[in-house]
Each structure stands twice: as structure tokens, then as C-alpha cells.
1. In the range B:59-240, if the dipole is taken from +1 on Lys/Arg beta carbons and -1 on Asp/Glu beta carbons about the Cα centre, which of B:Gly100, B:Gly211, B:Gly85 is farthest to the positive end?
2. Using a Förster radius of 60 Å, what is the FRET efficiency between B:Met383 and C:Asp202 based on their Cβ-Cβ separation? Nearest 0.05, please.
3. Please arrange B:Ser584, C:Ser220 by how many other C-beta atoms lie within 10 Å of their C-beta, fewest to most.
4. For the range C:44-124, state which chymotrypsin sites (Phe, Trp or Tyr not before Pro) are in a DSSP loop and have at most 12 other beta carbons lying within 10 Å of their beta carbon.
5. So what is the 222 nm mean residue ellipticity for the protein assembly as shown from helices alone, if each DSSP H run of at least 4 adds -39500 (n - 2.57) and you divide by all residues, rounding to the nearest 500 deg cm²/dmol?
6. Provide the FRET efficiency to the nearest 0.05 for the B:Ala704-B:Glu631 pair, computing r from the beta carbons and using R0 = 35 Å.
7. Treat every Asp and Glu Cβ in chain B as -1 and every Lys and Arg Cβ as +1, leave all other atoms uncharged, and give the resulting dipole magnitude about the Cα centre to the nearest 20 debye.
8. Which part of the range B:636-653 falls in the paramagnetic zone of B:Tyr613, meaning amide N under 11 Å from the point 7 Å along Cα-to-beta-carbon?
Amino acid sequence: MLSIANLSKRHPHSARPVFSGLGLAVAAGEIVALVGESGVGKSTLLNCIAGLETADAGAILVGPQAKDIVRLDEAARAALRATGIGFVFQAFHVLPTLTVAQNVAVPLLLSGVAAREHAPRIESLLARVGLAGFGPRWPGTLSGGELQRVAIARALVHRPALILADEPTGNLDPRTADEILTLLLERVREEGASALIVTHSQHVAQSCDRILTLTPDGLQ
Amino acid sequence: MKRLAWWLIRAQFQTRRTATALSMLAIALGVALGYAIHLINDAALADFSQAMKSVQGEPDAVVAPQDSAGRVPLALINELAQDEGVALVVPVIETRVRIGELAVRLVGLDVFSAGLLMPDLLPRQGAAISGDNIFEDGMYASPALLARLGSKVPEGTHRAGAGVTATRGDATWSTRIAGDLPAARPDDLLLVADIARVQAHFGPPDGVSEGRIRLAPDTKLANWLAAWKDRLPPGLTLRAAADNQARLSNISRAYRVNLNVLAMVALLTGGFLVFATQLTAVAQRSTQFALLGVLGLAPRMRLAQVLLEGLAIGVPGAAIGLALGWAMAVAFTRLMGGDLGGGFFSGSAPVIAPEALPALGFFSLGCAASLAGALYPAWLNRMQPLAQALKTGFAQRPPHQDDSPRQRGGKVLAVALVAGAALALTQAPAVFDLPLAGYAAIALVLVLGIAAAPLVTQRVFAALARRELAAAERVAVQNVGQAPLMAQVAASGLIVSFALTVSMVTMVSSFRVALEQWLDAVLPAPYYMRSKGLPLPAELLAALERPDAPFARVERMAVGTASLDPQRPPVAVLVRELDRADPSARLPFAGEVFTAPAGNIPVWISEPMQQLYRLQTGQTLRLPLLGREVEVFVGGVWRDYSRQFGAVVIAAVDYRALGGRVEATDLALWPRRDAGDDATAQRWVREQAARHGIDGVGSGEIRALSLDIFDKSFAVTYALEAAAMLIGLFGLAVTLAASVWLRARELATLSALGFDRAMLTRAVMLEGALIAAIGLAVGLACGIAVGAILTHVVNPQAFHWRMDLQIPWLQVLPGAALTLAAGIMASRFAARQATRLPAAQVLASAQ
Amino acid sequence: MRRRAFLLAPLLLPALAVARQPAVTYPAASRATRLVFPRDHGAHPEFRTEWWYVTGALDTAQGEAGFQLTFFRSRPGIAEDLASPIAASQILFAHAALTLPGKPLLHAERAGRANLGAGFATTDCDVHIGAWAMRRSGSGVTEQFRLKLHDPAFGFDLTLKPTQPLLLQGENGWSQKGPRPELASHYVSWPQLQVAGSLTLDGRRQPATGRAWFDHEWSSEVLAAGGVGWDWIGINLDDGGALMAFRIRDGAGATLYAHAALRDAAGRLTQFGAGETSFTPLRRWTSPRSGAHYPVQTEIRCGPHTIETLPVQDAQEIAAHRPLPVSYWEGLVKIRGTLSGRGYLELTGYAGALKL
């Protein structure tokens, strides 16, 4: 589902590359944890995979069609993100001006899923993340854990092949963090998606199928 | 996709109700103003040309003398009539006569030809008159005139068949009203009689005043005109009747254009408000847009969404504007008639008849303004780096745009280039008689002001930052310096609105001062008498000759017209009793005055005439006069604010020597010193004026009346200035609030570090004050520049009025102070909003 | 004599002649007057009424066509002392008509006052209203009349050349119109004019040739008391001769006065007095527009001759509008009987009694 080969990236004003010659593969249905020290480039790698930053060299093949996101133009990357990738952020990023249901509907709208499928998909997914009946509510009335559940629903609703999660439990208290992590992994497995989860938490990492550590010298 | 766009627009409207409503209102105002002016003018023109059609018919061509003292010889009418390319020649004698106190148009008709072209003027025999017809002695009156005559005299005397006496100067025709004009328009004061009867009493001898020509169906107008051009006797013009329409629209053109520019200003401010609103909206929602981008919203959709939101303001705004404009047009024409008080058209309220195409045009203008306002914010939104925006929020400038010294040099160069272009444009001539280059120069000056603002800001704040400042002040100074975009938006609103206000105040004040001086110069006599375009009654002139008339000096003036260009309204020919050796005693000259070489006839032309016909002092000119072209010497150019289409003065002595009769229409009167008190002269003037139904007033009254009219006609301008200032201030408040909001986390951090609320408020207020001060300073400079362009370029080109620049500091500086105070109040409001948030919550939300 | 002398004075200019007693005295047509040409082809403005009248038959691509062009001059007796060169003391009218086979009659009219778009000469036949004109020029073999008119519907530009000398009607051009000798006109005819020129129809010009009849008549008083209308005919006979005949009718249709003149091919002139001239209607055509019953087929006897009129088409009624509506029948007829030829028949006073 994700295959990275020989990836190199250097920030514009920096002498040292963030990484070079990096390789990585995530199989279908595999959940991989990415750990490493702060500033080592985990987020940059994630951004490169999502096409939000452009790698200097190498290839990143995403999804069942194995499209190389490095070679795509901006619009095609956006299209690939819309259909093939689901995101979970540390800071939740739920749109405050849309209701919970509308927030979850966004990827459906962006990936062009037929309108009649929206309501059943959203309802069932909200139920499975423990937010049955939350659809019409405004994000401002939700707790952090609830917001992250909305984010998980949103990441999965359009059935992407790949989930990218950046510190998904970083803003939550330990108990809620556990719940959310369990939920995320369960749902990802349920959907048969692959996932790459950036985390500092050993607990999170150990719940994954495989752990990769990013160091200045490369992946281990 | 549409659904998402709609959700976002709705959310935007709900969270920013005031800003959205105000932007919409400004767009609506601009559209309404422009559309109303269009509708009113259109209706007035249609009404006027309808009236002309009724009286003139719809000829293909018209032959007429070039000056009002000329005539179309009968021989030419007969020759034209026999031309095989001509279907019909309708000779007409039109003159104005006095009936009692009424000045009435008298049309002499040849029923045989006129019946085919001008059926509206055909007379109807009075029922009581049998065996009579139009060839007999008698006149036919329009219903409106019959009503007026009936109300002015004891009942019954002015029914059809009643006696009536028409006078013009010393010519008199006593006859009877033989019938009416059933098809005359309801408010036309009109008399019709047989052309030969009119000629026998009022002239012109052996000629008529106009020939209206209808061509045979297979005759090409242009070819026919060209063929006749060379055969035409001197002193006559043969023009396509379509030129009448051009003349007509030329009359109100400059006036209309200026009102339309005011509408454009309103539209521009509307566009600016959309800009401010959308820019802050983009800034505030940069994280949201970034998120949508990460989730897969295509880049062009991020652009389109902001444009769409702009359009969502523009479309309802423009629609409201159309409705408002229509309502305004209807209300104004009911209240003031079709000329908005401009004095060009008179008569009944014209009917407002909206048409689809112009409405669509103004609608699109409103939408275009809103789109234009949303363009830069949309582009900025499109260019936001997603990952960074998601994490840290709005980037005030696109990435990798740090100024290198070279870039800064380029900016200075660009500013210099724009300034040079603006300067060059002020020297450019009018295009299609419109000061388009002047308007472009004004636009460039405003652009320059906005573009220069960040440079000024950087300089000023770099200087300030070097000084030792208290903590709050330092924060404020740093913020303004580091957030150039928001500061620029806030400042540019003030720059534009204050510049426009200053320029308008400057122009109006310059104009008023010039007008006052001019009125002093052109009204040297204490009393004036004037008949409405008619020769003064012989009886009055005789009374002036009597020894008991209390005047030491009387100067007569006769007013005629001369047509130098068939497409323009004619210039006024003023025959005046003035000293040829010292015309400056009577005319307010601008520039040199030359003495005519021996044997040359001197004339003195007004500034509008000089500019319209590109004439110069010292040159000779072939002036249509007395039915021929007379070579005259332009002895000087005098200032004239009353006759926009030009005027030329010729001494009565010269006019008589050319064979002209001076039929005085205006009198200037100097009371005799020994005639007792001034009241005697005043009484004399009032009594005579009342007796003859003419105007008789003191110069003070004319002066007061003129200034009053001036002030009233600029009332709309003041209202617009106030609106512009409010919009500017609102822009400042909105952008300040937004920039404070954007920095909520930073302020919260400061708060956590020990700044108390008062200090934060002070910092934000200081920031607002600094931005306002810079905006006002740049706005003042731009305003004076724009005022100078309006005074020295736009006014001369649009109205052919020249005047000196007067900057009304006593109005401008308090205005600036007031605006500054209002700006500080606006930033205080913004500061309070920001500091009201509990620091902990802001920090925790970590947006 | 003729026709619109009655029509025009009282009707076309109603007020001019109806009620007012003119302040002017008009000269009467005098038996003693000797006509001199070309001067007497010109206008006689002191007389109340005058006309120049051309009728004829044209051979065109469409077949046989009839045409007429008439200029009337009227001195209504008003504005005589008005000090203006354009006083309405002399007024001109013109009527033109074209009869095309199987087509509705084409008709146009104009009016104008002398010296203001219209005019006439007193030295020769030269009369115009706008671009409509009738002018004589030349002498001997170059002598000709030129007729021009231009109307949106039709126009013509025709040259008429004499093939015979002038025909002075009555006594050397003094033509009696009623039982009293004051009722008379000066009346000159010119039959058998050779026509060549062009006809313009719907903007297309086409050549035309044919034969025409010219009349010029001026008078101040011609109408007998009780007259309501008249029948008149002028015929170019096939053998080169010419016949003119008229009668004046009263309200009951009885003849008040009649006269005829025949000039045979050899140039011999025979006059027929009232007793020798009669008109007998054979067939009437009813105008759907005015309702008038016109005796379009009429038997005319004069002396030994009996002829019958056969209109080329019945619908040749003219409805003039300017300045007031008046209807009369005027059209091309074929002649059979003891004489044959083509003529113009005029029938007036059938569309309601003329108000005199």
C-alpha cells in the first residue's frame, strides 16, 4: 500500500539533508509505527508521503495503483489524498463551523462518493467510534477525546487504503489516549487499511504490527 | 463539492454577519448610485427627445443657420424641395414671444408639409370659429398654454377666439386664439400659426429659421449630405438629424460622468470592503483551509472557494443595488425632475423604464467589484503552504518572499514609475471630451499611496524600533513592523477613504472660492434685469430713457447663439456694451488680453469655448454671426462658470457695425448717486420686473442664490465623503480585530509572561493609532494630489472650468484628528475583544 | 371645362372658398382674350382656379396602363395683403394616378404654397411641388413637355411630344360652362401627344411609350347653380382625331349643361352644343370603399356620333385625402361605337353630393 524507495529531502536553508536514500514499505493491512527523536524528520516524512512537501529525489508509491506522489502535480496529489489517504492529527483539526456529521462528510464530498451513500456510512461509522447520535452536534460542544473520535471517523469514512496518523493521542490524557488508540487500530483493521502512525508513545508503538525508528542515519 | 462550498459560505456568513452585511451594503450602494444615475438620465434624455420629436418630427436632416441671428433663405428651401433625392422639406419659423408675463414658444408652420412630419403640431379649429383656417389671422395654443392664459386673466377672455397679443422686442402681433393643438404634449407652452403670418410679424425676412428634410426612400443620407455640403450658402449648416441626439447627450455628458465616478467610488469602496472582509476571513480560516487542502481539496478549489464567497457577497449586493437604484431613480425624478437639479432638462418627471441590458451591466459591475476584492485573498489562500498553515496558521506573505536589498530597490523603482505615469497622465488631453486620463491618474495616485504605505511603515518603525521603548510600546511597534499585510490592509482602507475625502473637500473648496471671486467680477452692477431669452420689452427700455429713471449707467446685453460644430450645443454669443479698450473692466480674464490689430473685430471668449474649440488668444476665428461667417480676433479668454458649452463676447459697437440689431435681453443697472437712497432704484427694478414678468434682482441676491445652488448640488458629495470615511474606519476596525485575533495566542503568551490587560490593551491601541496615523498621513498626501488633479485636470476637461487650488486646512486637519481618534477607538474595541479571552484557554486551544 | 375646378375650390380647401366672401375680385374669363403661347401655357395667378392636366395610355411590359398627373393652382383670396413672400395666397396641389392591368389603382398627391417648396411660372408651363414637376420647353420639332414625379409607390419621368397643333376649346380657347356667359373658362387642349420615358414601380425603372392628352384651363367662376358633379371625357381617337365631351349634372342626375368638340384626323373642328350632346349610363360600378355608383360604362352621343366607354378596369376610383377626403372616378377607358380610341373618363359628385 505504501512503498518508498531512495527518498531524499533537504530543507531549503539547511546544510544537512533531513534524510537521504530512505526506503520503506507498508503492506496491505499492515499497521506500522514510526518513532524517533523530536526534529529527526518524522513529520517531514509524513508530509512527503501525503504530498504536502515535495521530496528532492526518490519515489513514494501510494495506494493500490501505486501512484508515485513525488511525480504528481499539486492537483493530482490533492486528488490522491482525497481518495486514497485518511488523516488523523495530534490537534484533531475538526472544522468548528461544520457539524460533526458535516465534518465526517467532507472526505466523501472530496472523493466524489455518491450522495445517497453519505448518511448511512456516516451514521454507521459514528456509531462504531462511539459517537452514535452526535451527527448534528457542533464541535465546540465536544471533548478532546470525542473530537479525535470524529477525526478517526473522518479518516476512515471514504475507505482510504492508507491512514497517516501524526501523534493521534498526543493531546489526550492517558486513559482517553488508550481508548482512542484501541479504537483507531480496531477500525483500521476492520476496514482493512494500512496505517503509518507517528508516535512518541511506546505503548502505541507496541500495539502496531511493526515499529520503525527514524534516526539521522535512516530507518531502522 | 457544491455542497461543501455552500456549507462553507453559510458558515462564513453566520460567523461574520456584520462585515458581510456591510460589504454587501457598500456594493449595493455603488450599484444603486450608478444605476439610478443611468436610469434617471436615460429617462430624462428619452423624455427630452420625445418632446423634441413631437415639435420637430423625425426628419433625416436639418438645415439651419449657424447663429441665432441668421436665417435659411427661401431660395434654398425651394432649391432643396426640388431636389429629387428629397421627399419633403418642412420649413419652420420658431421664435419666442411674450404673452403677458409668459414667455412662449411660437412655431410658424406650413401645414402642407408639416402635416406629414409633425402631426403633433397640427392645429384644430375652435368649434366657435367657422369659416376660418390656419391661413387666416390667428394662433393655435397648446392645452397647457390655454390653461395658463385662462388662469392669468379674468375668466372667459382667453377661450378660443379670444384676443391675444404676442410681443417680441418692439414687434407686436395682436390676433386671436383660433383653436388649440390637441396633440401637443401636456406641459408644452406652445403657439402655432401659419408660417407666413409669423414671418410677417417677427421675421426673418425672406427666410425661415429651419428647414427639416425627409429624404426619398432610395436616397443615402451620407451621400446626399456630402453632395450638398459644397452647395450650401455660408452661415448655414446642414446636419443629419441624428446629430441632434448627439448634441442632446453631449449636454449632460460631463455631469453624468462625474456622478458616475461617484458611483464608481462607492463601488470601489464596496470592492475594498470585500477585500478586507475576505482577507481577514482567509487569515482566520487559514488552518481550516489548510486542513481541507490536506484532506484533498484541490488547489484551484481553494482559490475558487474564496472567490465564490466574494461573489456570494456581490450577487445579493448587486441585486439589492438594482432594486435600490430603481427606487432612488423613481423617487428622485418625482422630487427633482430628470436632471438631478443639474438644470439641463426641465419639464415633467420622466418615466423610469428599466431595460434588461443596462440592468445586467450594472449587476455585473457589482459582481465584478466583489470578485476583484476577493481576488488577492483567494490567491493568498491558494498559495498557503498546507503543512505549515495547518500547524502555525496564516502566513502573511507567500513563502520565500523575503525582501532582498535588490527587491527593495525594485519596489522603490516601481513606486517611482507609477508616480511618473500618474504625472504623465495629468498632462494628457481629454479622451472623447472626458477626463479619462485624469481619472486614471487618480487611480494611480491611490495605488501609489497603498503601495507606498508598507515602505513608509518599514522606515518609520525601523526608526521607532531603534529607540528605547516601554514594553507595551515595543510590542506594538514590533507587531506592526512584522505583520505588514494586515497593517497594509488596515492602512489602505484609510488611505483610500481619507484621500478621496480630502480631495473632494479640496476640489469643492477650490471651486467655491473661485466661484465667489468670479461672481464678484461678473456682477459689477448693483442691479440686473433679465428676460427669459426674449428681447426686453420696448416699454421697459423706453422707461429707462426717461429722466426719472434712477440710474446713472445702464449696460445692455443681447444673448444669441452660434453653432460652431453641429454635434455640440451652440456657444452663447453675448453682445455687450463694453469699452473695447478696456474689456477687463467687465470680464474676468484669465491670462493675457491682446488689443486687436487695426481693422480687426475683437471678441473675448470664455474658457470653456477656448478649450472646446482649441482656440488661443491672439488668433483669428471665423465666427458665424448675422447669417454669415465673420473673421474676428480673439482678444482674450475670460473665466466663465455659468455657460458650460462656451460663450463669446462681442462689443455692441462692433455688432452694430456688422449690421446687427442689438435686441437687449439683459440689463446691468447702476443707480444714480443723487437719486436718493438705494431703495428708490430697488423699488424701480422690482416694479418694472413685476410689470413685465421678467427677472429683476440685486447682485447680492444673484450671488447668494448662486452659492446656495452650488452648496446644494454638492450635498451628495458630502454624504459620499462621510460614507467613505465610515467605510475606511470600519475597514480599520475589521482588520485590526482580525490581526489581534490572529495573534490571540501570542497575546495570551504575553499575558502569561506578566503583561496585564491594560498593557495589552494599550499595545493594541497604540498599534491601531500607529497604523491610523500612517494611513492618514499617506491619505492626506494622496488626497491633496488627487484634489489637485480634480481641480486642474478633471474639472477643466469635463466642464472646462479652471480654478486655483485651495486646500481647506481648517477642515482637513480636524477631520484627520477626528479620524485618528475614531481609529484609536476602533482599535480599543479590537483590543478588548482580544484581551477578554482567558489566556489559559487560548494557550490550551493551541490553534 | 372641368372637374376639380368644382372639387378643389370648395372641398380640398374647404374654408378657402366655402364661407368667406373673398376680399378680392377675380377676373372673369373673357371672350375677348386672345391667347398667346407659350405665355398662356404659364400660370394666370389672378384667376381663382387653374390646372394643368395630363392623362394618357402607356404600353408597358405589364400591358396597357393608364396614367394621369394634374397640377392645380388655387387663389383662395386670403392672405392677399400679408407682407410675406410666403403668404398662402397661391396654393398648389397635385394628383397622380397609375392604372396597371389587374392591379389596384396607385394614387399619390401633394400640396404646397407657392414660393415655399412649390411654384409656378407665369411665362410658360413650369409648375412644381417639390420634385414633382410639369414643364414645357422648345419650339417646333423640339417642343416637349416633361413630367416628373417620385413617390414611394411609383414614379414616372415622361417626355410628351406634340404630333398635332394645339386645340383651343370653345371660341379660341374661351369655353362656356353654363347657361350664363360669366360661367366660362379659358381652356386649351393638346391631344395626341407622343409619350416616351420611364415608369418606376417598386423602385424598378422600366421604359414606357404611349399617347397622352394635355389640358390647361383657368377660370374664376364656372359652376352653374344646382350642379352637384359632372361627367367628362377626352379621347385620342385611333384615326388621329380627338374628342372632348362633358356634362354638368344636378342632384337628380339631369344634365344642366353639356358640350362636345371633335377634331378629326384632317384637323377639322366640329363643336356640339348642349342640345347635341348627351350622356346615358349603361352600367354602373359600385365602389366598395365609398359606396358610390359610378356609370363607368356610358353611352355618349354628340351630333352623328354614338360611342360607348369600356373601362380597362372598373376599380379606378381615386380617394384623395389632402387636405380633405374626396372620392371621384377617373380612369382609362376604351371607346367603341362610331368612333374608336382610348380616353380618360372622369365622374365626379357620385360619392355623395358635393357641398358647394
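1. Result: B:Gly100, furthest along the dipole toward the positive end.
2. 0.30
3. Working: B:Ser584 15, C:Ser220 22.
Fewest-to-most ranking of B:Ser584, C:Ser220: B:Ser584, C:Ser220.
4. On the way: sites: C:Phe47, C:Trp51, C:Trp52, C:Tyr53, C:Phe67, C:Phe71, C:Phe72, C:Phe93, C:Phe120; in loops: C:Phe47.
Here no loop site has a sparse enough neighbourhood.
5. Numbers: 36 runs with 577 residues, N = 1423.
My calculation for the protein assembly as shown gives -13500 deg cm²/dmol from helical runs alone.
6. On the way: r = 41 Å, r/R0 = 1.18.
Efficiency at R0 = 35 Å is approximately 0.25.
7. Working: 73 positive and 65 negative charges, 853 e Å.
Magnitude of the dipole: close to 4100 debye.
8. B:646-649
Only the coordinates and a few stated rules stand behind these numbers; no lab work does. Since we're looking at a predicted model, the values are computed, not measured. Cβ atoms come from the backbone with ideal geometry, glycine included; neighbour counts cover every protein chain shown.
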